[in-house]
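Below is one structure, written out as structure tokens; the observations come after it.
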Amino acid sequence: MRIGPYQLANKVVCAPMAGVTDHTFRELCRRFGAALAVSEMLSSNPLVWQSEKSQNRMGHRQESGIRSVQIAGSDPEQMAAAARYNVEIGAHIIDINMGCPAKKVNKKLAGSALLQYPELVEQIIQAVVNAVDVPVTLKIRTGWDPDNRNGVQIARIAEDNGIQALAVHGRTKACMYKGEAEYDTIAAIKQQVSIPVMANGDITTPEKARFVLDYTGADAVMIGRAAQGRPWIFREVVHYLATGQKLAAPSVSEVQQILLEHVQGLHQLYGEHAGARIARKHVGWYLAEHDPQGVFRSEFNGIELALTQLDALNDYFHKLAAT
């Protein structure tokens with residue numbers, strides 16, 4: 001799969017996830033085989049660009065691999081300015097968010113709320129594509145509710161106005177993350193456009209990735225929530241797609257090594273206080289299988305100090321290995 005001048009190494013992409021796909025997480029996912037790891041969305045509102053949260057999200061030049069930066073908003077001029085700014089600070093690809101179903105995003109008429117307004121969709125795409133000389137991609141849902149799946153219409157608008165790749169989540173805005181993703185709309189979109197299409201939604205195993213690629217005819221799969229606490233899923237999917245064989249699950253000692261590296265990276269990225277707080281949700285995801293009752297996670301969530309977090313994780317894995 002190719003996006004403009006960028007040839008992806010395989011058919012497996014890490015989805016943008018707000019509050020999750022920060023620099024530390026993206027680097028891990030790429031190391032485990034993700035051909036592309038899209039940044040968490042950045043607001044197109046310039047008034048928030050200097051905030052600590054935005055600054056943490058804007059260190060594009062420190063990143064390895066292809067740097068795809070997602071922007072969100074509803075004003076074409078602001079979106080164009082945000083695209084230009086992010087290219088200036090190192091983005092290789094600009095991705096437009098028209099897929100987020102979160103209320104705080106949709107109430108500003110951004111994210112998947114835009115799917116109700118095809119004319120505005122076209123204006124935003126035109127403004128962003130004309131503003132930068134790098135590839136522009138688009139992430140959408142299948143429509144805004146099950147009775148209004150207009151993904152094919154939006155995909156055609158995207159292709160006609162210069163979008164170079166399209167990611168489609170197999171749910172509507174109204175569905176949020178409930179129920180099961182449907183892939184018929186993604187298959188229909190793939191049949192109607194010639195640009196690369198990435199299928200997203202409920203891709204949780206290597207076998208599911210193979211099924212979705214075959215069913216939809218998509219050029220790649222985009223994995224989101226299944227990578228939370230499990231960045232090695234990219235290694236597993238890439239290997240399975242290439243060989244048809246399943247890799248063994250990582251050992252407890254490898255999980256320990258990955259988790260400690262992830263938590264230390266969060267401490268470095270956000271500072272010890274904020275990093276320790278942000279680490280809690282990631283630790284919960286990593287240890288969901290090993291700590292099903294949540295006993296350790298409850299204890300861990302009470303730890304405020306970064307070094308104490310690392311000591312607690314080492315002690316936990318030492319006890320886990322002993323059993």
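So here's what we get for this one:
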{"quantity": "Largest-first ordering by accessible area, 1.4 Å probe, given options TYR270, TYR183", "calculated": "TYR270, TYR183"}
{"quantity": "Where trypsin sites (Lys or Arg not before Pro) in DSSP loops with at most 11 other Cβ within 10 Å are excluded, longest remaining stretch of the chain", "calculated": "179-323"}
{"quantity": "Value of relative contact order over the range 1-138, rounded to a whole percent, pairs C-alpha under 8 Å and six or more apart", "calculated": "20 percent"}
{"quantity": "Whole-number D in µm²/s for the chain (Stokes-Einstein; Kirkwood sum over Cα pairs; 37 °C, 0.692 mPa s)", "calculated": "163 µm²/s"}
{"quantity": "Candidates ALA113, ALA288, ALA72, ranked by Gaussian network fluctuation over the chain, Cα under 10 Å, top entry", "calculated": "ALA288"}
{"quantity": "Helix axis angle, 272-286 relative to the chain longest principal axis, alpha carbon, degrees", "calculated": "90 degrees"}
{"quantity": "Helix 233-243 vs. the chain, principal-axis angle (Cα, 0 to 90°, nearest 10)", "calculated": "70 degrees"}
{"quantity": "Distant-in-sequence amide H partners of ALA167 (H built 1.01 Å from N, under 5 Å)", "calculated": "LEU138, LYS139, ILE140, MET198"}
{"quantity": "Largest-first ordering by accessible area, 1.4 Å probe, given options LEU260, LEU36", "calculated": "LEU260, LEU36"}
{"quantity": "Protection-proxy order for peptides 199-207, 300-308, 128-136, each taking the mean of Cβ atoms within 10 Å per residue, highest first", "calculated": "199-207, 128-136, 300-308"}
{"quantity": "Degrees between helix 206-216 axis and first principal axis of the chain (Cα, 0 to 90, nearest 10)", "calculated": "10 degrees"}
{"quantity": "Heavy-atom accessible area ranking, 1.4 Å probe, most first, across VAL212, VAL295", "calculated": "VAL295, VAL212"}
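The values are calculated or read from the model by the stated rules, or taken from the named source; none is laboratory data. Worth saying up front: this structure is predicted, and the values here are computed from it rather than measured. Don't worry about glycine lacking a Cβ; one is built from the backbone with ideal geometry, like all the others, and counts go over all protein chains shown. Remember, those area values only see protein heavy atoms, side chains included, never the ligands or the DNA or RNA. Shrake-Rupley method; radii C 1.70, N 1.55, O 1.52, S 1.80 Å.
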